[in-house]
1. Which of T246, T128 comes first, and how do the rest follow, when ranked by fewest Cβ neighbours within 10 Å?
2. With the cut-off at 16 Å, report for the stretch 152-215 the share of all Cα pairs above it, as a whole percent.
3. Going through the stretch 94-194, which chymotrypsin sites (Phe, Trp or Tyr not before Pro) have at most 11 other Cβ atoms within 10 Å and a DSSP loop state?
4. When you have a sec, figure out the Kirkwood radius of the stretch 105-208 from all distinct Cα pair distances and drop it here in Å to one decimal?
5. Once you place label points 7 Å from the Cα toward the Cβ at Q195 and I103, how far apart are they in nm?
Amino acid sequence: MKRAMTWGIGALALTGLSVPGFAADLGARPITKAPVAAPIPVYNWTSCYIGANGGGKWGRFSGDVTFSNGAGGFESLVFPNGTFFNNGNSNDFESAGMGGGQIGCQWQAGGWVFGIEGDFDGTGLRQTFVSPFGGTFFVPGDAVEFRNKWQASVRGRLGYAWDRWLVYATGGVAFADVRATFLPAGSLVAFEDSQTLTGGTVGGGVEYAILDNLSLGVEYRFSKFGHETFDFSGFVLAPAALTGTTDLETHEVTARLNWHFNWFGPPVAARY
């Protein structure tokens, strides 16, 4: 009996000693952490780029053509001074296609995108004005045609990006080559002069990165070019003068495709 009691007490003692060790083993097990979410890729618009554009253009020329006979006397009676093509209040717009290319660089800070861009486009915009009256130096059928052959601009850009979408405003200085041609009625000879008009341009657009290095967009711009004078002096003898003056305003909508050179870092950045 004593032996049985001794064995029972010993068993209880061994059990008591083993419980703390088992609890210690449980406490030493590593705690499993929840998996970390992968970063969300976000497009970065920081880059330099080169691209092509094409679309439509609507424009209006306004001004006048004037004959001035500096000789006076009898010559001024035969060829009196006169003006036609006074089109300053005309609302007639002509349309034409246009196409060319652009090059620029931009930098993204947060959601804002800052950049500078230059472009050059050929265009076939033209407008012709015909004298409807006689009685001065001009006769019915005398005509003056203005043609805009190319345009260019240097502009700043400011936009805001939502991942691969970019909305922006743009503005800067613009240039337009204009050729003026005087076509005397019944004559096969034309008299020409060309000038480069300078003005301002403003607009905006939207762009989407269809690939990491390729974006597609559409842009609208309004341009207003300053006053220039054209000389048709080959048509008359000194001291008479035949000159024309005009300015030009245009609206344009173009589709644009740009290839981006990501010299400043990867096109896609990680956002956690």
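1. Details: T246 24, T128 14.
Fewest-to-most ranking of T246, T128: T128, T246.
2. On the way: 1325 of 2016 pairs.
Of all Cα-Cα pairs in the stretch 152-215, 66 percent lie more than 16 Å apart.
3. F133
4. Averaging 1/r across every pair of different Cα atoms and inverting gives 16.8 Å.
5. 3.0 nm
None of the figures in this text is laboratory data; all of them are computed from the coordinates on show. Given the structure is predicted, the values throughout are model-derived calculations rather than measurements. Virtual Cβ from ideal backbone geometry, glycine too; neighbours counted across all protein chains shown.
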